[in-house]
1. Compute the relative contact order of the chain as a whole-number percentage, counting only Cα pairs closer than 8 Å that sit 6 or more residues apart in sequence.
2. Over the chain, with every protein chain in place, what whole percent of the accessible area is carbon and sulfur at 1.4 Å, could you tell me?
3. Probe 1.4 Å, all protein chains in place: accessible area of Asp193 in Å², nearest 10?
4. Using a Förster distance of 41 angstrom, determine the FRET efficiency expected from the C-beta separation of Ser6 and Ile171, and round it to 0.05.
5. Find out how many positive minus negative residues lie around Pro117, taking Lys and Arg as positive, Asp and Glu as negative, among other residues whose Cβ is under 12 Å from that of Pro117.
6. Can you compute the helix-only [θ] at 222 nm over the chain? Use -39500 (n - 2.57) per DSSP H run of at least 4 residues, normalise by all residues, nearest 500 deg cm²/dmol.
7. So how far, in whole Å, is the C-alpha centre of segment 1-51 from the one of segment 88-151?
8. On full extension of the chain, what length is gained from Glu58 through Tyr115, given 0.36 nm per residue of separation minus the C-alpha to C-alpha distance?
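The values are calculated or read from the model by the stated rules, or taken from the named source; none is laboratory data. Just so you know, these numbers come straight off a predicted model, no measurement behind them. Note: ideal-geometry Cβ built from the backbone for every residue, glycine included; neighbour counts use all protein chains shown. Only protein heavy atoms, including side chains, enter the accessible area calculation; ligands, DNA and RNA are left aside. Shrake-Rupley method; radii C 1.70, N 1.55, O 1.52, S 1.80 Å.
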Amino acid sequence: MSVPSSTFNYLNQLKENNTREWFHANKKTYDGVKANFEVTIKELIGSIAAFEDMTGVEVKDCNYRIARDVRFTKDKAPYKTWLSASFSAGGRKSGRMDYYLHIEDNKSFLGGGMYSPTPEQLAKLRQEIDYNAQELKSIIYNPEFVKMFGEAEGESVKSAPKGYSKEHPEIELLRKKQLFFWHQFSNKEVSADNFVQKVTEACFTLKPYLDFLNYVFFDDQEPEIKL
């Protein structure tokens, strides 16, 4: 199932009219957009299950609400102007590193990785890099991975993190505060019949990196799953 081009039309209209009054006046259109996206999510759960344990994961466990949490932000626009879903064993609330799908006009992408790590997670990753950087490098510098995702996005500390020398041979990786990868899709690709297949292929390429992070962060133990 592809995401129809009408979805982008709706999201752009919502961007220009981001009020509760407009949203409720056009609720029927949104319901159609949501239903179409949920079919795509369902198909992705099925295809990703070929290499991830998606047992018991349903659409509601992957889909994000369109309503924004405006309690702690100056931007009080009530709605997101994109659609999104995350896929992993246990669903988006499992706590594990997952595959994140974002649908927005000319800004759609599939991404994943270390985006908002806890201090404990960041310390664990740096310890792993210090001990054995080759495993991580063999994944993120693999030619097929680079072709799909390019270089990592994210912030870095300006100098060396506490406890590490500026002369460390892996200082560039140690400086990373974020290590997130994403593959962008054009509107045409999102609306094509093979979109689910393309997303699934991107997920499969990303899998070794997410497996690595989940191993480092959770010591290869399943975290508490909250559905």
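1. 25 percent
2. Of all accessible area on the chain, carbon and sulfur atoms account for 49 percent.
3. Surface open to solvent at Asp193 totals about 140 Å².
4. Efficiency, rounded to the nearest 0.05: 0.25.
5. +2
6. Numbers: 8 runs with 101 residues, N = 227.
Helices in the chain give a 222 nm mean residue ellipticity of -14000 deg cm²/dmol.
7. Each part reduced to its Cα centre gives a spacing of 26 Å.
8. 18.1 nm
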